[in-house]
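Below is one structure, written out as structure tokens, with a few remarks after it.
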Amino acid sequence: MTQNFKLNIADTIFSFTAEQGVSLSKDIAPYNLFLVEGRPEVILRYKYGSYWRTDMNSSKEIIFDSHPTWRLFYFNKKYILETRTHTLVASPDFTSGDVYLDKKLGNYPFVYPLDEVLMINLLGKGRGVFVHACGVNNNGSEGLLFAGTSRAGKSTIANLWKCSGMSTDKSPQSKVKDTTILSDDRIIIRKTDGQFWIYGTPWHGDAKACSPEKFPLKKIFFLEHASENYVRDVKRVEAVSKLLVRSFPPFWDSEGMEFTLKFIEEVTRETPCYDLGFLPDKSAIDFIKNI
């Protein structure tokens, strides 16, 4: 247990600080791969107890209700994210907040859906886009994004890359020869100094692949299972629609949605996009490497 620590996810450093009497668990896989030092951009303070009082019920404005996992409110010029185990009271830009814990439900500071919903809100403030995708670095310099809806084959692609490198690594951090699998389910896209980057996250899928690294984005593939390996160019208008469907935008935030749409339009304009049908065997990896 600890009183404070920091995580770096997609070049955003989060600081976790516990009030006196609160102990936080930091050595939790795969979050322990993202532990860092440095100056934080997002500061979260943890305390036991409840934020809500009876007299607040009539004046809180509900913004989004993802029943039964989480709800987002606006109250007293702050955003309140309420989950089953945590309540985050955040500043308007989501860069600071108090997190209220139920003492009986453990000491995990950054768990679903608090972690992902907070990141979606942060990215919507002009930082980037959260995508339902597998991200792979090929040959040290080529960042490949395999975007897909549920069961489209993201974890299958990740496992095929692992097998192609004959990895014997059993840890959550997935490195094989000349390849890093950033995540098999959740990837963040950001733009820095004119270059789009894909970032690994702790939020993996069935392949349990994740890494804190980042790589330049070179190609986007929209995944689908097929009876043969094939690839088709996707025109930009269609690519915008496909990437939006496979992303996690802040639907409840009009300015955040406006930014997200512009960002997706820009990334699909500057990055080659393809439909990719693939067989669930090594031939798919050889095929992709030759595109």
### Estimated distance in nm for a label pair at residue 141 and residue 78, the labels positioned 7 Å out from Cα along Cα-to-Cβ
4.9
### Members of 125/289; 78/218; 60/214; 214/289; 162/262; 162/218 lying beyond 28 Å, as alpha-carbon distances in this model show
125/289; 78/218; 60/214; 162/262
### Query
Taking the alpha-carbon centroid of each part, what is the distance from segment 115-145 to segment 21-75 in angstrom?
21
### Query
Roughly what % of DSSP beta bridges within the chain run antiparallel, to the nearest 5?
70
### Task
Among the aspartates and glutamates, select those whose C-alpha is under 12 Å from the C-alpha of residue 77, and discard any that sit fewer than 8 residues away in the same chain.
61, 93
### Message
Whole-Hz ³J(HN,Hα) for each residue in segment 83-100, computed from phi via Karplus 6.51 cos²θ - 1.76 cosθ + 1.60 with θ = phi - 60°, x for glycine and proline: what do you get?
### Response
10, 5, 10, 9, 10, 9, 10, 10, 5, x, 9, 6, 9, 8, x, 9, 10, 9
### Task
Specify whether the C-alpha gyration tensor of segment 129-289 places it in the rounded, prolate or oblate class, a ≥ b ≥ c being the square roots of the eigenvalues: rounded for a/c under 1.5, otherwise prolate if a/b is larger than b/c and oblate if not.
prolate
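Mind sorting 56, 119 by how few other Cβ atoms lie within 10 Å of their own Cβ, fewest first? Write out the running numbers ahead of the final one.
Values: 56 13, 119 25.
The fewest-first ordering by Cβ neighbours comes to 56, 119.
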### Task
Output the direction-averaged projected area (hull surface divided by four) of the convex hull of the alpha-carbon atoms of segment 4-123, in nm².
7.7
## Note on the structure
Fewest-first ordering of 204, 67 by Cβ atoms within 10 Å yields 67, 204
### Task
Note down the nm distance, to one decimal, between modelled labels 7 Å out along Cα→Cβ at residue 47 and at residue 63.
2.1
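Give me the extension gain from residue 269 to residue 231: residue separation times 0.36 nm, minus the current Cα-Cα distance, reported in nm with one decimal.
Result: 11.9 nm gained on full extension.
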### Task
Give, in nm to one decimal, the length gained when the segment between residue 251 and residue 238 is fully stretched (0.36 nm per residue of separation minus the Cα-Cα distance).
2.7 nm
### Task
Give the order of 156, 180 when sorted by the count of other beta carbons within 10 angstrom, beginning with the fewest.
180, 156
### residue 192 versus residue 20: modelled label distance in nm, points set 7 Å from Cα along the beta carbon direction
3.9
### Task
Rounded, prolate or oblate: pick one for segment 185-249, where a ≥ b ≥ c are the square roots of the eigenvalues of its C-alpha gyration tensor, a/c under 1.5 means rounded, and failing that, prolate if a/b is larger than b/c, else oblate.
oblate
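Read the figures in this text as sums done on the coordinates, not as results from a lab. Here the structure is a predicted model, which means the values were calculated and not measured. Don't worry about glycine lacking a Cβ; one is built from the backbone with ideal geometry, like all the others, and counts go over all protein chains shown.
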